[in-house]
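The values are calculated or read from the model by the stated rules, or taken from the named source; none is laboratory data. In this text the structure is predicted, and so the values were computed from the model without any measurement. As a convention, Cβ positions derive from the backbone with ideal geometry for all residues, glycine included, and neighbour counts pool all protein chains shown.
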């Protein structure tokens, strides 16, 4: 009989459904044109997770922090997934708003995301400031706003580990 690797054992005991808040940060999108926000919600629900809240905000640090605070105050929210505002343009301020709030950083998320992005699009991947971390017992992911970037982050990184991360936070 072979032993089960510990990471597989941990995943086996992870919750199958996680309550999530989705936040899109954009100066130009509307609820009707927010394809990335809809994609995140769709992928979460297809995997059995619950979208407890969705917000579309301008790429303004105060608005972003306010929505994150609402998620932290909501017992139904165990994970916050943000898209948009992770680039380097003058208006991209999501990274600064999120980074200042994180208690622990999950540096591997951004590193692996940029590596996977590099494999798809090459050197422009260095402009992504995708990040993740822990804040008040919740896991938070911040991804670029393009639908391709959202799909990559969700399918390759977030969805495979979401339950496992939440489980680890309850230890």
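Observations on the model:
- Of 81, 158, 64, all but one fail to be modelled with pLDDT of 95 or more, closer than 20 Å to residue 36 by Cα and out of contact with any helix residue (DSSP H, G or I) (no Cβ under 7 Å at 6 or more places or on another chain); the exception is 158.
- The conditions of being more than 25 Å from residue 14 (Cα to Cα), touching a strand residue (DSSP E or B) at 6+ places or on another chain (Cβ under 9 Å) and part of a loop (DSSP other than H, G, I, E, B) are met by residue 129.
Here's the yes/no breakdown for (1) farther than 17 Å from residue 140 by Cα; (2) over 14 Å from the mean Cα position of the chain (by Cα); (3) in a loop (DSSP other than H, G, I, E, B):
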residue: 17; (1), (2), (3): no, yes, yes
residue: 23; (1), (2), (3): no, no, no
residue: 30; (1), (2), (3): yes, yes, yes
residue: 41; (1), (2), (3): no, no, no
residue: 48; (1), (2), (3): yes, yes, yes
residue: 53; (1), (2), (3): no, no, no
residue: 56; (1), (2), (3): no, yes, no
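- Hits in the range 63-119 - residues which are surrounded by fewer than 13 Cβ atoms within 10 Å (Cβ to Cβ), out of contact with any strand residue (DSSP E or B) (no Cβ under 6 Å at 6 or more places or on another chain) and more than 14 Å from residue 25 (Cβ to Cβ): 73, 75, 88, 90, 100, 107, 108, 111, 115, 119
- In the range 36-54, the residues that are surrounded by fewer than 16 Cβ atoms within 10 Å (Cβ to Cβ) reach residues that are in a helix (DSSP H, G or I) with C-beta atoms within less than 8 angstrom, at least six apart or across chains, in these pairs: 50/44.
- Single condition residue 168 does not satisfy, out of (1) over 24 Å from residue 52 (Cβ atoms); (2) touching a residue at least 40 places away in the same chain (Cβ under 8 Å): (1)
- When residue 134 is tested against (1) in contact (Cβ under 8 Å) with a residue 40 or more places away in the chain; (2) under 16 Å from residue 82 (Cα atoms); (3) surrounded by fewer than 22 Cβ atoms within 10 Å (Cβ to Cβ), just one condition goes unmet, and that condition is (1).
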